[in-house]
1. Given the criteria exposed (fewer than 14 other Cβ atoms within 10 Å of the Cβ) and more than 21 Å from GLU198 (Cα to Cα), does ASP359 qualify?
2. Taking region 364-392 on its own, how many of its residues are surrounded by 12 or more Cβ atoms within 10 Å (Cβ to Cβ) and among the small types (Gly, Ala, Ser)?
3. Search region 61-101 for residues being assigned to a loop (DSSP other than H, G, I, E, B) and at pLDDT 95 or above, and hand back the single one that is surrounded by the fewest Cβ atoms within 10 Å (Cβ to Cβ).
4. Has region 281-300 got at least one residue that is in contact with a Lys or Arg (Cβ under 6 Å, 6 or more places away or on another chain) and surrounded by 11 or more Cβ atoms within 10 Å (Cβ to Cβ)?
5. I need the full set of residues from region 1-32 which are part of a strand (DSSP E or B) and surrounded by fewer than 24 Cβ atoms within 10 Å (Cβ to Cβ), in order please.
6. Is it the case that region 315-336 has a residue that's in contact with a strand residue (DSSP E or B) (Cβ under 6 Å, 6 or more places away or on another chain), assigned to a strand (DSSP E or B) and more than 12 Å from the ligand (Cβ to nearest atom)?
7. Go through region 126-210 and tell me which strands (runs of 3 or more DSSP E), entirely inside it, have 3 or more residues that are under 25 Å from ILE230 (Cβ atoms).
Amino acid sequence: MATKEKRAVLGVTGGIAAYKAAELARLLVKKDISTIVVMTEHAKRFITPLTFQTLTGKPVFSDLFSQEHYDLNHISLAAHGEVIVVAPATANIIGKMAAGIADDLLSTVLLAARAPVILCPAMNDRMYAHPAVRNNIDILRNRGVQIVAPGYGELACNTAGTGRLAELDEIVEAVEGTWTDKDLAGERILVTAGPTREPFDPVRFITNYSSGKMGYALATMARRRGAEVILVSGPTALPVPRGVDFVGVESAVEMRDAVMSRLETVTVVIKAAAVADYRPASRAGDKIKKKRGPLTLELERNPDIIGEIGARKGKRVVVGFAMESENLLANAKAKLLAKNMDLIVANDLRQAGAGFQCDTNVVKILDLQGGVETVPLMDKLEIAARILDRVKALIDGRAG
Ligand code: PMT
């Protein structure tokens, strides 16, 4: 079945951050979002239409009265976008939108549009703090416009303050959220991710190959679907997904404390972390010196976090993972039952494109009725969506 094309209009206005809109256009296209750029005349002073035309493969529009593309006038442009994102949005376009002024192509498209609008303000910090701009933003927010707030940092005018265009991944996430049903709104989902580190002296530790990608994908998708998300993560190199409540931990004991102290507040727990089952029995205060002969480390058991969750499960939905190198289904099923989980997601260490580090996974989702759903090779974000579909079905089943 052909997937439906996603369509966005990217409005670019005249601020120095207009150069970042080129990268934004590239990222949207990379996500298979057909993107048409509408620029203001001031934006063209900072960056040329040709840049956007090259990146999007589509004509760029700025003239309200141009007959060149008569089939793409302001009304049809407004209809093209399933979402309209304005980045950067200057104080000027924000003011015009709030007042309902339509005196150029972009402001006219914005007035004619019925699609969701995402505004990404970027300007000098004093302009952003001005009551007129704050009022206008409040008016627009109350009208349902989504504001991706600017960040704090160095500004073009050699000062530091709040006014920098939001990070592009945050804007892309907001745009992608337009196509996602908020079917998990009202749920509080705790996700664990990444490896744990079990130190035995100040410079060395035992760990595993988990990159955190599977857990971060789950947190991102759960947030996108409207859930409040707590992400408890061991050390990873990944950026924290936007909008999640992030708790960074190192060891299994720290992860246990972070999870158990929040358990009462959540409705769903998904344990994608690769928790070390053992830790060094002692930790030297100083770096252990090299000596002749072998070094023997004594290991002791770490807390079984999911086992503790299972024992205090209540009405929560609990999902575990199983990483196996043999007897995938039998081992996963044994863990599902022993730990009082509702679902277990089994991945096979030996399968190409599955498990640690890669951007994809191949999993089997086992349930308590003996069902086994095979999810073929796909991006971890898509795997996350499939797992969350099962979580949603369990939530609905319990409510009904
Ligand atoms: O992070 P990535 O590079 O993206 O890789 C993803 C992944 C392979 C880490 C992930 O998909 C995965 O399989 N995570 C669980 C790995 C694992 O620890 O499996 P396990 O079979 O040892 O543990 C079973 C379950 O018990 C897991 O949900 C685990 O989080 C939990 N557990 C394990 C040990 C322990 N002491 N406490 C736990 O809660």
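1. Details: exposed (fewer than 14 other Cβ atoms within 10 Å of the Cβ): yes; more than 21 Å from GLU198 (Cα to Cα): yes.
Taking the combined requirement at face value, the residue satisfies it.
2. 2
3. GLY100
4. Of the residues in region 281-300, the ones in contact with a Lys or Arg (Cβ under 6 Å, 6 or more places away or on another chain) are none.
No, because not a single residue in region 281-300 is in contact with a Lys or Arg (Cβ under 6 Å, 6 or more places away or on another chain) and surrounded by 11 or more Cβ atoms within 10 Å (Cβ to Cβ).
5. Pass one, region 1-32, residues part of a strand (DSSP E or B): 6-12.
Result: LYS6, ARG7.
6. Yes; the residues of region 315-336 include at least one that is in contact with a strand residue (DSSP E or B) (Cβ under 6 Å, 6 or more places away or on another chain), assigned to a strand (DSSP E or B) and more than 12 Å from the ligand (Cβ to nearest atom).
7. Here the list reads 188-193.
Residue-by-condition table, conditions (1) of a type in the set (Val, Ile, Thr); (2) under 23 Å from ILE395 (Cα atoms):
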position	(1), (2)
GLY215	no, yes
ALA222	no, yes
GLY226	no, yes
LEU231	no, yes
VAL247	yes, no
ILE270	yes, yes
ALA276	no, no
ARG316	no, yes
GLU324	no, no
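The values are calculated or read from the model by the stated rules, or taken from the named source; none is laboratory data. Remember, it's a predicted structure, so these values are computed and weren't measured experimentally. No Cβ is skipped: glycine too gets one built from the backbone with ideal geometry, and neighbour counts run over all protein chains shown.
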